[in-house]
Each structure stands twice: as C-alpha cells, then as structure tokens.
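The structure appears below as structure tokens.
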Amino acid sequence: MIDKDFVTAHTKVLCIIGYPIEHSMSPIMHNTAIRELHLDYIYLAFNIFPSNLKLAVKGIKTFNIIGINVTIPFKQKIMKYLDEIDPITKKIGAVNAIKNDKGYLTGKNTDAEGAMRALLNAGYKISGKNVLLLGAGGAARALSYIMAEQVNKLVIVNRTEKRALKLSNQIKKYSGINVEAKQMSNNVLKDESKKADIIINATPVGMYPNVNISPIPEEFLHEDLIVYDVVYNPLKTKLITDAAQKGCKTLGGLDMLVNQGALAFEWWTNKKPNTSLMRKKVIEFLGES
Ligand SMILES: NC(=O)c1ccc[n+]([C@@H]2O[C@H](COP(=O)([O-])OP(=O)(O)OC[C@H]3O[C@@H](n4cnc5c(N)ncnc54)[C@H](OP(=O)(O)O)[C@@H]3O)[C@@H](O)[C@H]2O)c1
C-alpha cells in the first residue's frame, strides 16, 4: 500500500521560478502546508536563467504546473506572457503568483494583501495614519496601492527620486490621497520620520548578508512609531532591533511572506493552509542557516 504522502503519477506540481532561487523559503512553507493537509501536491523551485523566461512559461503549460510563484527578477517581465491579470495587479505592475487552468495563465499580486494581513494580524491599524515608505520597487508598489485606500498621507522616499515620483503620481490618480515623493537623504529621513506614525522599509537594506546596516539612522526613530520592515532574512533586522530599543511597535517581514504564500496556496488548492505551521518551519530554517 502506497503512503498517502508519496509522490505518484497523479501528484500535482506547484513551483517557484526566479534567478537565483536558492534563498527562497517558499518550498519549505508550501510543502509544510501540503503535508499537513495530506494533499497530493508537490512544490518545487526552479532556477531560470533570465533569457529563458519565455521558454519557462511554455514549460509551465507543457508540464501542466498548476500553481507558480514568481520572484526576482521576473515579477514584472512575466506579465506579458500571461492571459489575464487582475486590475489591481496590473496597476501594481508585479505578479508574484500564477494559476494555470489548462494552459490559461492568470496572474496575481498576493504580496500586497499579504503585507496588509500581516499588519492587521499584528493589531496595527493604518486607517488615517501618516506613512513614510522607504523604496519604490516591487514591494513598495504593492504596499502603496493597498495602503492608498486607507491612510491619511503617504510619503515615498527612494534612492532614485524619479521612481518615487512616478509611483506617487500613479497613487494620486488611483486614490486621490495626499502623496509626496522625495529623494532619500538623511535630512529627508529626519524630517519625515518626525511626522510619521508608521515607517515601512521596502528596500533590501539590512537584508542578509548586510545585516549590520539599517535604511534609517536609529536617532530618527521615536517611541510613537510603528516600524515595519518587509525584509525577513534576518528575522530581526538592524532596523527592527533599533526600533524595539527606542520603544517603537515593530513588525518584521516574515508574516508578509507567510501570508502572501498562504493566499496563493488557497487560490491554487482551495484549501486553507496552516499559517502558524508555515511560519514555524521558516523560523526553524532561518534560525539554522
Ligand atoms: N516579506 C515578504 O514577503 C517580501 C515580499 C517582497 C519583497 N520583500 C523584500 O523587500 C525588499 C525589496 O524587494 P523588491 O522586490 O521591492 O525589490 P526591487 O523591486 O528591486 O526594489 C528595491 C528598492 O530598494 C531600493 N534600494 C535598493 N538598494 C538600496 C540601497 N542600498 N539604499 C537605498 N535604497 C535601495 C531601490 O531603490 P532604487 O529605485 O534607487 O533602485 C528600490 O526602491 C527585498 O529585501 C525583498 O526580499 C519581502
């Protein structure tokens, strides 16, 4: 008799594509959820050389891979190969999850809702708040659109000012909220952090292996702030450690990671995964690495 969790010729395949891919926590999270629910699925990771993206999309259809996560550097580039993309994902301009229905590929951004769920689950309300957002890349775009529906004011500060301006103009058109764009500098960070209720880091500054740097000097943080860092490796970044020492409320990137994964998993399998278990497995893994 074959074990229920054994891979067979019926097993459905889920995967993540990216380049590089070895750092990804998605196989650990998703295979944990699959095993716990005893589903006949397996989740794999594929390192796709960037010039092979089009071939990879053909491969997804040929091999009938039914659910796909997309990570750096393909979140934007893959959009042109998809048959359907929901309107908010089109605006965000980045797809991180795809569903394959007999060769018809639909793209979604679950990072945005994953980030919002993480904030809400932590008990942090964003409605009517003044938010200082660091970064204007994929994660920052997802956060901007999802927050634009609720916050009072959004200040987007980015190393490349042009990108911040482009995003702020798009958000203004989308929601009509008060949005400003500024070039990142110590003076700007000092002034804007005084006026902010929430600071969100959506840059990779502080990410492994550069764990001893923070996107904002410690002295600009104050105890009335909520500080949210979307970086999840390390689990506690320098920014989060500094903020906790200053008495701020804090949130790291792990819960966004788990929630964006759980949203995709449910979309593909119609089953709710155990997010506490997924979270625990990632902590075990990152703690060891
Ligand atoms: N927790 C989660 O589930 C989750 C999900 C998605 C992403 N993330 C994390 O979020 C971070 C950003 O990812 P992304 O996909 O948004 O990347 P991205 O699209 O490449 O954007 C990176 C952003 O960070 C800025 N930046 C990069 N290096 C910088 C530096 N040294 N100093 C100041 N700014 C810098 C870039 O500014 P320029 O415009 O000037 O280049 C850009 O705004 C990564 O660490 C990623 O792992 C976490």
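Throughout, read-outs are computed from the coordinates displayed, never taken from laboratory work. Since the structure is predicted, the reported quantities are computational estimates derived from the model, not experimental observations. Every residue, glycine as well, gets a Cβ built from its backbone with ideal geometry; the counts of neighbours run over all protein chains shown.
I need the GluC sites (Glu not before Pro) found in region 155-250, filtered to DSSP loop residues with at most 13 other beta carbons within 10 Å of theirs.
223
Let's test the formula: R0 of 25 Å, r as the Cβ-Cβ distance of residue 40 and residue 280. What FRET efficiency results, to the nearest 0.05? Walk me through the intermediate numbers first.
Working: r = 23 Å, r/R0 = 0.94.
Once the sixth-power term is evaluated, E becomes 0.60.
Just the projected area, averaged over all directions, of the convex hull on the alpha carbon atoms of region 112-252: how many nm²? Don't skip to the answer; put the middle values down first.
Values: hull surface 29.1 nm².
Dividing the Cα hull surface by four gives the mean projection, 7.3 nm².
Taking a spot 7 Å from the Cα of residue 11 along the direction of its beta carbon, which residues of region 23-43 have an amide N less than 15 Å from it?
27-28, 30-43
Tell me the label-point distance for the pair residue 173, residue 125, using the 7 Å Cα-to-Cβ offset, in nm and rounded to one decimal.
That separation, rounded to one decimal, is 3.3 nm.
Loop only per DSSP, at most 12 neighbouring Cβ atoms within 10 Å: give me the trypsin sites (Lys or Arg not before Pro) in region 1-81, ordered by residue number.
4
Please report the relative contact order for the chain, taking Cα pairs under 8 Å with a sequence separation of at least 6, and give it as a percent rounded to a whole number.
On the way: 567 pairs, mean separation 46.2, N = 289.
Relative contact order, the chain: 16 percent.
What is region 112-252's relative contact order, in percent, from Cα pairs under 8 angstrom and six or more apart in sequence?
21 percent
Beta carbons within 10 angstrom, averaged per residue: use that to sort the peptides 227-235, 113-121, highest first.
Top to bottom by mean Cβ count within 10 Å: 227-235, 113-121.
Convex hull over the Cα atoms of the chain, averaged projected area in nm²?
Mean orientational projected area (the chain, Cα hull): 15.3 nm².
Under the rule of -39500 (n - 2.57) per DSSP H run of 4 or more residues, summed and divided by the residues of the chain, what mean residue ellipticity at 222 nm is obtained, to the nearest 500 deg cm²/dmol?
Dividing the helical sum by the residues of the chain leaves -12000 deg cm²/dmol.
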